[in-house]
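Q: First the structure, then my questions, so here it is.
The values are calculated or read from the model by the stated rules, or taken from the named source; none is laboratory data. Small disclaimer: the values here were computed from a predicted structure and weren't measured. Note that each Cβ is placed from the backbone with ideal geometry, even for glycine, and that neighbours are counted across all protein chains shown. We work out accessible area using only protein heavy atoms, side chains counted, and drop any ligands, DNA or RNA first. Shrake-Rupley method; radii C 1.70, N 1.55, O 1.52, S 1.80 Å.
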Amino acid sequence: MTDVEKLLSSCLFEVDNATNTKRLDDIKVAVLGKNGKLTEMLKSLRHMPEEERKTAGAEINAAKSDILKRIEAKAITLEILEMEKKLASEFLDVSMPARVRPSGSIHPLTKVAEEVADILSQYGFVFAEGPEIESEYYNFTALNIPDHHPARTMHDTFYLNYPADSNEGRKLLRTHTSPVQIRAMLANNKPPFRYFSIGRVYRSDYDATHTPMFNQIEGLMVGEGVSFAHLKYLMTDFLKKFFGVPKLTLRLRPSFFPFTEPSTEIDINYEVKNGRIAFGTGDKWLEVAGGGVVHPNVLRSGNVDPSKYQGFAFGFGLERLASLKYGISDLRGYFESDDRWRDAFGFNYVTK
Ligand code: DAH
């Protein structure tokens, strides 16, 4: 037997007896690797005379290909065996409960704010904002709210422990989004313009229907000949779109706000059908908004000439709109960050 034949037979024997793929790799490296036995033999060919080199080279290469073939075949057998062993030893209990992965969802207030912004921008209303820490001037005075008005009392308003400014008065947490009307007008005092705002407001109140912080939607449209009729049209169309109903009746109740004259409280018709509230049908009324024709003093505060321009304004409670549309009863749930509440009322962009 030549050295090559000896190596070949012992190598094939080892391959046949290998019991795992790791062992197979080791054999391959020991024989065919960089310093493997057969590789060494190939290297030593260069010291041989030409004729011998030819036959020895052919023999070595034939052995090499025999070994590789045998290793490949054995590898397949061993892989199958190892897989079967693994499958037999690892038991997958498909009836086990899945691990819960907490997932986020869209808060109903975010959802409704986006819906409202989407609809109002269809009428050309542009988003405007103002600070949550406001001054007495913007929150009250500029909006024609007189010094003696009860809304100004410490009882309702959170005043900040901060020195009063000689022009703007004390600092406070804004009690409504209406000061954005003034800021928007001052930032662009050439009508016509249409603004809306959505944001947090603060009042000293806490029970099932009042939280010290809540959200309002504010709207303002100013131009030549803008009237109460435009407000009525916009509110009807907006609310139809918002509640997704083909018809809706508005009831405009005379009311009073210092910043509008005349002022109105806006109700929509509804009835309870199969335990659910249905809007646009029935003869019951629900208040949803306040509004009116912008008071001349408010236009003046915004640097707008009331003898040339008129406007309307309106205000909604965001939580109230969300509660009516999505059947959420207790206001406090909105702000308690309870996962169970969020699971019940939150929105998933993909599925809802
Ligand atoms: N600011 C009012 C409030 O907080 C809501 C409101 C009523 C806003 C009438 C308006 C409006 O713009 O015209 O109760």
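Q: What is the spin-label model distance, in nm, from GLU114 to VAL29 if the labels are put 7 Å beyond Cα along the C-beta direction?
A: Modelled inter-label distance: 5.5 nm.
Q: Take HIS210, HIS107, HIS47 and sort them by solvent-accessible surface of the protein heavy atoms, 1.4 Å probe, largest at the top.
A: My answer, sorted largest first, is HIS47, HIS210, HIS107.
Q: Which Cα, out of ASN303, ILE328, GLY315, lies furthest along the positive dipole direction of segment 298-352 (beta carbon charges, K/R +1, D/E -1)?
A: The one lying farthest along the dipole's positive direction is ASN303.
Q: Related question: 222 nm [θ] for the chain, helices only, -39500 (n - 2.57) per DSSP H run of 4+, per residue, to 500?
A: Mean residue ellipticity, 222 nm, calculated: -12500 deg cm²/dmol.
Q: Here is a follow-up. Contact order normalised by length for the chain, with contacts defined as Cα pairs under 8 Å and 6 or more residues apart; what percent is it?
A: It comes to 15 percent, rounded to a whole number.
Q: Quote the charge dipole size of the chain about the Cα centre in Debye, to the nearest 20; the model charges only the Cβ of Lys and Arg (+1) and of Asp and Glu (-1).
A: The dipole of the chain has a size of about 480 debye.
Q: For segment 161-227, what relative contact order do you get, as a whole percent, if you take Cα pairs closer than 8 Å and at least 6 residues apart?
A: Relative contact order here is 32 percent.
Q: Connecting C-alpha atoms closer than 10 Å in a GNM of the chain, tell me which of ASP205, ASP147, ASP16 has the biggest fluctuation.
A: Ranking ASP205, ASP147, ASP16 by mean-square fluctuation puts ASP16 first.
Q: Still on this structure, I have one more. State log₁₀ I(q)/I(0) for segment 12-101 at q = 0.19, 0.22, 0.26 Å⁻¹ as given by the Debye formula over alpha-carbon point scatterers of equal weight, solvent excluded.
A: Results for segment 12-101 at q = 0.19, 0.22, 0.26 Å⁻¹ read -0.89, -1.04, -1.23.
Q: Which order do MET213, MET83, MET235 take by accessible area at a 1.4 Å probe, largest first?
A: Heavy-atom accessible area, descending, gives MET83, MET213, MET235.
Q: Shifting gears a bit: Which trypsin sites (Lys or Arg not before Pro) from segment 76-173 combine a DSSP loop assignment with at most 11 other Cβ atoms within 10 Å?
A: Loop-located and lightly packed - ARG99.
Q: Ok, one more. Can you find, among GLY223, THR209, VAL245, the residue farthest towards the positive end of the dipole of segment 156-248? Put +1 on the C-beta of Lys and Arg, -1 on that of Asp and Glu.
A: VAL245
Q: How about LYS69: which lysines have a C-alpha closer than 25 Å to its C-alpha, ignoring those fewer than 8 places off in the same chain?
A: LYS6, LYS22, LYS28, LYS34, LYS37, LYS43, LYS54, LYS85
Q: Another question about this same structure. By how many degrees, 0 to 90 and rounded to 10, does the Cα axis of helix 50-89 deviate from the longest principal axis of the chain?
A: Once rounded, the angle reads 50 degrees.
Q: Pull up the cross-link candidates among the lysines for LYS190, meaning alpha carbon to alpha carbon under 16 Å and not fewer than 8 places away within one chain.
A: Output for LYS190: LYS308.
Q: Go ahead and set up a Gaussian network model of the chain, Cα springs under 10 Å, then flag whichever of VAL31, VAL245, VAL201 fluctuates most.
A: VAL31
Q: Evaluated at 10 °C with a viscosity of 1.306 mPa s, what Stokes-Einstein diffusion coefficient in µm²/s does segment 50-163 have when Rh comes from the Kirkwood expression over alpha-carbon pairs?
A: For the chosen part, D equals 64 µm²/s.
Q: Would you check the accessible area of THR153, probe 1.4 Å, heavy atoms only, in square angstrom rounded to 10?
A: Looks like 60 Å² after rounding.
Q: Assuming R0 = 30 Å, what is the FRET efficiency of GLU132 and LEU286, from their Cβ-Cβ distance, to the nearest 0.05?
A: So the FRET efficiency works out to roughly 0.60.
Q: Efficiency by 1/(1 + (r/R0)^6): what FRET value for ALA58 and SER95, r their Cβ-Cβ distance, R0 = 56 Å, to the nearest 0.05?
A: With R0 = 56 Å, the Cβ-Cβ based efficiency is 0.35.
Q: Charges on Cβ only, +1 for Lys and Arg, -1 for Asp and Glu, centred on the Cα centroid of segment 1-143; of ASN20, ALA142, ALA88, which one is farthest towards the dipole's positive end?
A: The listed residue farthest towards the positive side: ASN20.
Q: With +1 on each Lys and Arg Cβ and -1 on each Asp and Glu Cβ, and nothing else charged, work out how big the dipole of segment 256-347 is about its Cα centre, in Debye to the nearest 20.
A: Using only the charged Cβ atoms, the result is roughly 180 debye.
Q: Once you charge only the Cβ atoms, +1 for Lys and Arg and -1 for Asp and Glu, what is the size of the charge dipole of segment 1-133 about its Cα centre, to the nearest 20 debye?
A: Its charge dipole is roughly 680 debye.
Q: Excluding ligands and nucleic acids, what accessible area in Å² is computed for VAL29 using a 1.4 Å probe, to the nearest 10?
A: Solvent-accessible area, nearest 10 Å²: 100 Å².
Q: So, one more: Can you give the FRET efficiency for ASP330 and MET154, using 1/(1 + (r/R0)^6), R0 = 25 Å, r = Cβ-Cβ distance, to the nearest 0.05?
A: Given R0 = 25 Å and the Cβ-Cβ separation, E is 0.35.
Q: Each residue of segment 98-109 in order: what ³J(HN,Hα) in whole Hz does its phi give by Karplus 6.51 cos²θ - 1.76 cosθ + 1.60, θ = phi - 60°, with x for Gly and Pro?
A: Karplus values, whole Hz, x for Gly and Pro: 6, 6, 7, 10, x, 10, x, 8, 7, 5, x, 5.
Q: Could you list the residues of segment 14-35 with an amide nitrogen less than 14 Å from a label point located 7 Å from the Cα of LYS85 in the Cα-to-C-beta direction?
A: 17-25
Q: Mind checking the full-extension length gain between ASN20 and LEU42? Use 0.36 nm per residue of separation minus the Cα-Cα distance, one decimal, nm.
A: 5.1 nm
Q: Let me know the whole percent of all Cα-Cα pairs from the chain that are separated by more than 34 Å.
A: 51
Q: Output ³J(HN,Hα) for segment 121-133: one whole-Hz value per residue in order, computed from phi by the Karplus curve 6.51 cos²θ - 1.76 cosθ + 1.60 with θ = phi - 60°, and x for Gly and Pro.
A: 6, 5, 8, x, 6, 10, 5, 9, 9, x, x, 7, 8
Q: Further question: In terms of the Cα gyration tensor, with a ≥ b ≥ c the square roots of its eigenvalues, is segment 193-352 rounded because a/c is under 1.5, prolate because a/b exceeds b/c, or oblate?
A: prolate
Q: Express in Å², to the nearest 10, the accessible area of TRP285 obtained by rolling a 1.4 Å probe over the protein heavy atoms while all chains stay in place.
A: It works out to around 90 Å².
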